[in-house]
Amino acid sequence: MSKTVSTEQNPQTPDLHTVVAHVENKAGVLARIAGLFSRRGFNIASLAVAPSDDDRFSRVTIVVDCDAGALEQVTKQLFKLINVVDITILVSGSAVEREFVLACVACPPDRRDELTFDATGFDHLVIEESSESMIVSFSGRAERVDEFEEMLRPFGIIDIQRTGKVALKSLD
Amino acid sequence: MKTDGANALLRALEREGVDVVFGMPGGAILPVYDPLLDSSIRHILVRHEQGAGHMAEGYAHATGRPGVCMVTSGPAATNIVTPLADAYMDSIPMIAITGQVGTNAIGTDAFQEADTTGITMAVTKHNYLVQSADQIPQVVHDAFYIATTGRPGPVLIDLPKNIVNPNDPDSIFEDYIPTAHDLPGYKPQLDGDAALITEAAEMMRAAKRPVLYTGGGILKARAAKELLELAELTGIPVVTTLMNRGGFPDRHPLNLGMPGMHGNYTAVTAMQEADLLVALGARFDDRITGKLDEFAPHAAVIHVDIDPAELNKVRRANVGIQGDARHVILGLINATRELGGHDSQADRSEWRQQLSGWQEKYPLVFEQSEPGQRLMPHYVIEELSRITPEDTIVASGVGQHQMLASQFYEFNHPYTWINSGGLGTMGFSIPAAIGAKVGMPDRTVWAVDGDGCFQMTSQEMITAAVEGIAIKVALLNNNYLGMVRQWQELFYDERFSEVEFGPTVPDYKMMAESMGCVGIRVESPEEVGPAIEAANEINDRPVVVEFRTDPRANVYPMVPAGVSNSHIVVDPSQRDQ
């Protein structure tokens, strides 16, 4: 297997770049990546890691907050890590991107209709309900997850966990 | 056939051609030291683990083969962090083997436990915490491959005690010899892109004021011969960075010498005025560029490096070529020939005239001391260069003596100059010289050291004496941290803060003799040559020659930190010309 790097620039979001790294599924790989970012002064906006279909490898999706020059360095420095097998930069227009959020919202039964109304257009799921609150989930593009979170805010967010972005290259 | 982790490790090292290991035993690594008694591998017992690391570096630099050091866990492992960082900065192929507490004790704050792989992650090309004994042959095989290929660097192998202890069932496994590498993410690229090489050769052909800016990558790629051919074919002058001294002969008329903060006027100014810089295995270090946005303002840049991350890291290249320096230089030679060779090169008579004008006006100079005054360190280096054999290996520490050695010693052969360039590790020279001498026992090896450096690692002179490693040390003793003194003189209004050592202690001659070395003290210029000659003749013991030098001696030229290279400060005697 040989390494490949594609370094197309992202025209739509100049500061946030989605870097996907295939890495060997070995102890310490995440520490190597995190350490590289910290010692070279790069910022991770979000991070998602999970085994790929081949359990020898994991797929790491990193959203990096940097300009184009720094992105080149990030990519090349990541590529130098022995456990990194290949790297792709995904461009917004030609990638499918999703984030997932779980939120616990203060929402007694008499406000449920209101929340359902406000959530129109968000393809969300209600996972648990109690007399005081409910846990809902939603997945979508990062901006949509932002909007979903803003929609929930007036009700009172008790707890919230967003994942990092995951992404795949679009079909042609 | 069954084997155990310790024996498997030694067999794996032997298969990699290891003939010497620098190290010191201790609790966690003890099981490996027992079968070492029966191995063909020589072990050099150091007095401090840092020494083992620098010896491995010196050995690697002098021989081109990876240096190996081996120490125990915890404090021993943390003591080799500095050599690892040094080797990482200067791309030295090196293998560090560290003991570790048993796998069951990892993470429990056990005695002499340190998170060695965690600590060294940022200063190694790669590291391994070996989880089971059967991984040892494969890990060693892969580690040597990683350390020696691509951009070379240090690789650390951390070995928990239970997997190397033959009395522990965890260490027993079915022996095997690895046949391939298990490195799906590692494929160094040697050949440069052919179209880019052609484009580069055309830019070189047409350039009126080009400079070949050659760095440590020339030596790593073993490309000195090819560089000479390219320079002579194109007629383009060469600057040799601190990491490539000796990579192009100093006596060659095309060699302008060392550029950078303490580079000579012509080398610095040639880069500054160039219309084309051809960077070959060099990385635009801040000590080369000075103030970056005013560095070489008129120059287009061709940048050749085996590490793609160096391309566009500091200075954007007009043509960036990823590849091994030797392969790419061979490509450039061919492409230049296809363009018509030497005769097709642009007319550069004006450039040559300008360069030789600068060389005449601003040579490296120093003012010889008056009788009765302390020695000028420059003079000591000049004499050392004049009197030592042609292929002498010189290893230096860090500071004024390092810059003076690089400036005033004439290097005409590759792998004759060993120093700590990137990290600037004081105390490097003595252990590095020992490592070089172990690797090249028939060569004369001189350490050029300062008194500050000497006091950091001089305990390894005992190692040298006991092991019969007859290095020679030129100790330039000015009783000061000289380079820091120079900065305080120039940039802190001569307010000397914590730079003066006690004027009477130690007595270096006695100190040398107490460590089993010959000690010689030199105080006046006429003694310098005879003392060096005497030291050259002593081959049964190490020698320390203490030269009492003038603390007021400074290193010039100098480009102050953060200042444009155009404002290079020359020797006081050359100012206002």
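Computed values, structure above
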item	result
Residues with amide H under 5 Å from that of A:SER52, placed H, sequence gap 5 or more	A:PHE57, A:SER58, A:ARG59
Ascending count of other beta-carbon atoms within 10 Å, so fewest first, for B:GLU410, B:GLU350, B:GLU467	B:GLU350, B:GLU410, B:GLU467
Chain B, helix-only ellipticity at 222 nm - DSSP H runs n ≥ 4, -39,500 (n - 2.57), divided by all residues, nearest 500	-10500 deg cm²/dmol
Convex hull volume per residue for the protein assembly as shown, taking Cα atoms only, in Å³	203 Å³
Rounded if a/c under 1.5, otherwise prolate or oblate - segment B:99-190, Cα gyration tensor axes	oblate
Rounded to 5, the percent of DSSP beta bridges in chain A classed as antiparallel	95 percent
Reachable lysines, given that their alpha-carbon falls under 17 Å from the alpha-carbon of A:LYS80 and they are not under 8 places away in the same chain	A:LYS3, A:LYS26, B:LYS125, B:LYS187, B:LYS313
DSSP bridge orientation in segment B:377-556 - percent antiparallel, rounded to nearest 5	5 percent
Angle in degrees between helix A:68-80 and the longest Cα principal axis of chain A, rounded to the nearest 10	70 degrees
Whole-Hz ³J(HN,Hα) from phi, Karplus 6.51 cos²θ - 1.76 cosθ + 1.60, for segment A:47-53, glycine and proline x	8, 9, 9, 7, x, 8, 5
Cut-off of 10 Å, at most 16 other beta carbons, DSSP loop: longest stretch of chain B lacking such trypsin sites (Lys or Arg not before Pro)	B:1-207
Intensity falloff of chain B expressed as log10 I(q)/I(0), Debye formula with alpha-carbon point scatterers, at q = 0.07, 0.09, 0.12 Å⁻¹	-0.43, -0.71, -1.18
Relative contact order (%) - chain A, alpha-carbon pairs under 8 angstrom, separation at least six	28 percent
Exercise: per-residue mean of other protein chain Cβ atoms within 10 Å, A:75-85	5
Cβ-defined net charge surrounding B:ALA201, 10 Å radius [Lys, Arg +1; Asp, Glu -1]	-1
Charge tally in the Cβ shell below 14 Å around A:GLU132, where Lys, Arg are +1 and Asp, Glu are -1, A:GLU132 excluded	-2
Share, in percent, of DSSP beta bridges within the protein assembly as shown that are antiparallel, nearest 5	45 percent
Neighbour net charge for B:THR444 - beta-carbon separation under 13 angstrom, K R +1, D E -1	-2
Once exposed loop chymotrypsin sites (Phe, Trp or Tyr not before Pro) are cut out (DSSP; at most 13 other Cβ, 10 Å), longest piece of chain B	B:177-491
Estimated [θ] at 222 nm from DSSP helical runs (n ≥ 4, -39500 (n - 2.57)) normalised by residues in chain A, nearest 500	-7500 deg cm²/dmol
Relative contact order (percent, whole number), chain B, Cα cutoff 8 Å, 6+ residue spacing	14 percent
Built amide H within the under 5 Å cut-off of B:TRP417, gap 5+	B:VAL394
Which of A:LYS169, A:LYS76 has the fewest Cβ neighbours within 10 Å, and the rest in rising order	A:LYS169, A:LYS76
Karplus (6.51, -1.76, 1.60) ³J(HN,Hα), θ = phi - 60°, over segment A:25-39, in Hz, Gly and Pro reported as x	7, 10, 4, x, 5, 5, 4, 4, 5, 4, x, 4, 4, 5, 6
Under-5 Å amide H pairs with A:ASP86, H placed in peptide plane, nonlocal only	A:HIS22
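No value in this document is a laboratory result; all are computed from the given coordinates. Remember, predicted model here, so these are calculated numbers, not experimental data. For neighbour counting, all protein chains shown are included, and Cβ atoms are generated from backbone atoms with ideal geometry for every residue, glycine included.
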